[in-house]
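The values are calculated or read from the model by the stated rules, or taken from the named source; none is laboratory data. The model shown is predicted, which means the values in this text are computed figures rather than measured ones. All Cβ positions, glycine included, derive from the backbone under ideal geometry; neighbour counts span all protein chains shown. Heads up: the accessible areas ignore ligands, DNA and RNA and are worked out on the full protein's heavy atoms, side chains in. Shrake-Rupley method; radii C 1.70, N 1.55, O 1.52, S 1.80 Å.
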Amino acid sequence: MSKQQMQEEKTSMQAVCVDESGKLDLKHIPRPEPKDGQLLIRVTATALNRADLLQKRGLYSPPPGESEILGLEASGVIVDISPGVKGNWKLGSKVMALLGGGGYAEYVAVPEELVMPVPSPLTLYQAAALPEAWLTAYQLLHFIAKVKPNETVLIHAGASGIGTAAIQLVRLSRAIPVVTAGSSEKLKFAEQMGAAAGVNYKEEDFSEKVLQFTEGNGADVILDCVGGSFWEKNICSLATDGRWVLYGMLGGKTADGDLLGKLLRKRGHLLCSLLRSRSLQYKAELVRSFTEQVLPHFQSTDPPLWPVIDSMFNMEDVEMAHQRMEANKNNGKIIIKIGNS
């Protein structure tokens, strides 16, 4: 290997890039240089999120200043610490991070505030399933809905990455998780994770089942990633003074009918939230709170909290991983292996 080739190897990396047709391709691109206050992580794994599918189609651009590469979370080891880093981070430490982009690559530079230590029981592949899904679920439940003990929480897409995280976090909060899903297999899986009840939304009116389960009171909190097609049943399911938290629109952006009137009659709260576009200060506070309040329970709670892994794909098979999520076949998170564990 020539000196030039050796130098290029030190300053470049492999990454999954999206071409003009929306196809995913492996390419060599420049390795990121950590800015002041950032850590450079050699990535072991990342995990798929619905946002990746949207961004690939040109429907969800990264926030200004963030990497154009897909990937909202990653796990790996610290290989460089820039000036300005204040935490007691060490080279070689196993970490996981919330990203604005860049996870589908061999290296990623991350503000130290968005980096978390990997709980000792978890592998780096398992840790890749945590940051985006678990921080989103934690944000929705505690920063937005402010869930209380004994409240009923209706979780749509209960077998998804966020859904399975939310079930466990609701239980940790001593509240009651109820889920919807699109198959009996997914419902059984969600109930094994701790859901108190489940409804197949393709076969039954979930609002009727929720009212039946709550003896007519309705759900105190709804975590909704569906949007338009569920709005009427959501309001029927909602308790008086309940909080309906909208964080996705898989079922469409429009709602025809008396949405506002029905919501007003229940004194319902419609709360909308995204995580990727939040400020660094907000995300840092979220990561700090999660690290203090939740992360210890991955090793101390009986049974411990656990990230749910559906499947793992090699980096060169990322297109197959996307196809699995697009077909709604996954229970839990789909992991992409980037480097060695």
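What separates the Cα centres of segment 44-123 and segment 279-305 is a distance of 16 Å.
Relative to the present Cα-Cα distance, how much length would full extension add between Glu285 and Asn328 at 0.36 nm per residue of separation?
Gain on stretching Glu285 to Asn328: 12.3 nm.
Spin-label pair Ile29-Ser61: with each label point 7 Å from Cα along the Cα-Cβ axis, the two points sit 1.6 nm from one another.
Expressed as a whole percent, the accessible area of segment 145-272 that falls on carbon and sulfur atoms is 51 (1.4 Å probe). The mean sequence distance of close C-alpha pairs (under 8 Å, at least 6 residues apart), as a share of the length of segment 199-278, puts its relative contact order at 28 percent.
Taking 0.36 nm per residue of sequence separation and removing the Cα-Cα distance, the Lys253/Asp19 pair yields an extension gain of 81.5 nm.
DSSP loop (so not H, G, I, E, B), at most 15 other Cβ within 10 Å: list which trypsin sites (Lys or Arg not before Pro) in segment 262-341 pass both filters.
In loop regions of segment 262-341 (DSSP not H, G, I, E or B), the sparsely surrounded trypsin sites (Lys or Arg not before Pro) are Arg267, Lys329.
Summarised in one figure, the compactness ratio Rg/Rh of segment 145-272, Cα atoms and Kirkwood Rh, is 0.93. Here the contact order of the chain, divided by its residue count and restricted to Cα pairs under 8 Å and six or more residues apart, works out to 17 percent.
Kindly rank 50-59, 242-251, 125-134, 171-180 from highest to lowest mean number of other beta carbons found within 10 Å of each residue.
125-134, 171-180, 242-251, 50-59
Computed from the C-beta positions of Glu292 and Lys202 and an R0 of 35 Å, the FRET efficiency is 0.35 to the nearest 0.05. Extending 7 Å from the Cα toward the beta-carbon at both Lys146 and Ser12 defines two label points whose distance is 5.4 nm. Rolling a 1.4 Å probe over the protein heavy atoms gives segment 61-165 an accessible area of 33 Å² per residue. Based on C-alpha pairs under 8 angstrom that are at least 6 apart in sequence, segment 1-154 has a relative contact order of 24 percent.
Over all other residues within a Cβ to Cβ distance under 11 Å of Gln212, the charged ones net out to -3, with Lys and Arg as +1 and Asp and Glu as -1. Using every pair of separate Cα atoms, the Kirkwood estimate puts the hydrodynamic radius of the chain at 20.7 angstrom.
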